[in-house]
Amino acid sequence: MTNSNKSKQAGWNLDNSYSRLPGSFFSVQKPSPVESPELVVLNVEVAEELGLDVDIVKNAAEVFAGNELPEGSEPIAQAYAGHQFGHFNMLGDGRAVLLGEQITPQGERVDIQLKGAGRTPYSRGGDGRAALGPMLREYIISEAMDALGIPTTRSLAVVTTGEGIIRETDLPGAVLVRAAQSHIRVGTFQFAANFTEKEDLKALADYTIERHYPELEEEENPYLSLLEEVISRQAKLISQWQMVGFIHGVMNTDNMAISGETIDYGPCAFMDAFDPSTVFSSIDRQGRYAYGNQPPIAGWNLARFAETLLPLLHEDEETGLKMAQEAISEFPKRFHSEWMAGMRAKLGLFNEEAQDKELIDILLSKMHEYGADYTNTFAALTFDQPEKTDLYGKPEFDRWYAIWKERQERQDETAEEAHELMKKNNPAVIPRNFRVEEALEAAVEEGDYSVMERLLDVLIEPYAHSPGQEEYAKLPPDPDEPYQTFCGT
Ligand code: AMP
Ligand code: MG
């Protein structure tokens, strides 16, 4: 069978619209073949959504590893820049290759990217490769995020390469096949603004609007509308992170997607005990990307995005700057209203009352004071089991609880309706760090993927509150041991 027929049968339907942007935005780059690819994880749900034939692609390790290109693929590495921990650098896909954009049976355009596909012109000193552990980690966390209802890139597959990669120790290599609405980042705009001409920046902005915000094409100032929409999607996204205790860990501007999806899972992790200063990443010594700093950092990143758009906002520089500043000043307000709406839902509140902020703040400050588990406290409140929280019997908790119950009774909805709202907004399970580690260890050390599969089975329905999830809601046996994550190397 020809490659063309084989690809068609597998369901590949690739376009390469990004390559029609000015040439500075990418480098033509084939994935570097690997020794002996083996498919270790396939996401059947994502494969089906993409229109791929599961029976065929489950034997497609060669394609997922980049050894064979599906028909229609014109592989590239994308150029971008970014502020890493506040410092501006030229970056780009140093270890990722975009195979193309799959046009799904529903007509959606989805980037198919191989992460760990070998060196590119943007690799700098790196080897272009990825280790199995971090790729499985991205797989688990991104699936959990999707199940929690949070916009995210998805993981289609993980293949091992049969090659070792050299880090501090020798690690098994892998390629993650990532599906995303796109890989256009704040850093892509920073690249355009800093290293290309105004017409290229305009081409990128027009492309982005057409791809992600087509409804803005008719607006009077589509670039201002783009800025406002990106701000509003990020306000929603970061609020959703805060609601479940997700800590991204490396919110550099190159890791913020213009589509509003969570992207680039490196040293990310979920918080157990509520504490705004929680940081897991070993390289984040200053706590720049701590849980409580995520909203202001998102605002900072969006200000960098706004700066890149200045030449397009208005021909008069001063006027453009004023527009950008006004748009940016909306972010904290937007975030706050998303956050309030999210927290009200977590507490089973349908309407708004002036005292709600205080009600929420008191609960969170008590949780902080007594080191209460964030997820399990809200889950216990959902089932009206205050005795199961770490706050039970603590000074003033009784009073808070009574005030909250009275607050619920003042609304028109019944207690049953409030309970249902809480069930949908308070997950029974999150990917607990020790559970993720246990799954990765079995897979990487023993080649045993059953631990990871069981974990995924539980994480895929976080709002089910089923008996089978209880085991996975438990805290680590040794919660005092500080958990550390490392960058996705
Ligand atoms: P990340 O921390 O994954 O967001 O990556 C930051 C930058 O480093 C991006 O430009 C990556 O492409 C690049 N990078 C990360 N790991 C490697 C690697 N092993 N080889 C080459 N480039 C890499
Ligand atoms: Mg990145």
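The values are calculated or read from the model by the stated rules, or taken from the named source; none is laboratory data. Owing to the predicted nature of the structure, the values given are computational and were not obtained by experimental measurement. Note that each Cβ is placed from the backbone with ideal geometry, even for glycine, and that neighbours are counted across all protein chains shown. Surface accessibility is based on the protein's heavy atoms, side chains included, excluding ligands, DNA and RNA. Shrake-Rupley method; radii C 1.70, N 1.55, O 1.52, S 1.80 Å.
Before moving on, here are some points about what is shown:
- The residue among His212, Ser337, Thr278 whose Cα reaches farthest toward the positive pole of the charge dipole of segment 187-340, with charges on the beta-carbon of Lys, Arg, Asp and Glu, is Thr278.
- Cβ charges +1 (Lys, Arg) and -1 (Asp, Glu), total dipole of segment 411-489, debye: 140
- Distance between modelled label sites at Gln106 and Lys58, nm, 7 Å Cα→Cβ extension: 2.4
- Dipole of the chain, positive direction: furthest Cα of Leu309, Phe191, Thr262, with charges on the beta-carbon: Phe191
- Segment 441-484 and segment 361-439 have Cα centres separated by 21 Å.
- Near Gly162, once Lys and Arg are set to +1 and Asp and Glu to -1 for all other residues with Cβ below 11 Å from its Cβ, the sum equals -3.
- Set of aspartates and glutamates near Lys6 by C-alpha distance (under 12 Å), chain-local residues within fewer than 8 positions excluded: Asp53, Glu68, Glu71
- Set of lysines near Lys405 by C-alpha distance (under 26 Å), chain-local residues within fewer than 8 positions excluded: Lys346, Lys357, Lys366, Lys388, Lys394, Lys423, Lys424
- Options Ser142, Tyr401, Gly116, ranked by Cα towards positive dipole end of the chain, top entry (Cβ charges): Gly116
- Spatial separation of Cα centroids for segment 178-255 and segment 49-85, in angstrom: 22
- Rolling a 1.4 Å probe over the protein heavy atoms gives segment 187-340 an accessible area of 39 Å² per residue.
- Debye, to nearest 20: dipole size of the chain, +1 on Lys, Arg Cβ, -1 on Asp, Glu Cβ: 840
- Extension gain for Ile362-Lys8 works out to 121.6 nm (0.36 nm per residue, less the C-alpha to C-alpha distance).
- Cβ-derived FRET efficiency at R0 25 Å, Glu369 paired with Asp478, nearest 0.05: 0.70
- Cβ-based net charge around Phe274, under 15 Å, with every Lys or Arg adding one and every Asp or Glu removing one: -2
- Probing with 1.4 Å while keeping every protein chain in the model, the per residue accessible area of segment 14-56 equals 49 Å².
- Note on the chain: with neighbouring protein chains present and a 1.4 Å probe, carbon and sulfur make up 48 percent of its accessible heavy-atom surface.
- Cross-link pairs Lys202/Lys322; Lys8/Lys202; Lys115/Lys474; Lys115/Lys333 - those with Cα-Cα distance over 30 Å: Lys8/Lys202; Lys115/Lys474; Lys115/Lys333
- Computed about its Cα centre, the charge dipole of segment 147-214 is approximately 260 debye, with only Lys, Arg, Asp and Glu carrying charge at their Cβ.
- Other residues within the sphere of radius under 12 Å centred on the Cβ of Leu227, judged by their own Cβ, net out at -4 (K and R +1, D and E -1).
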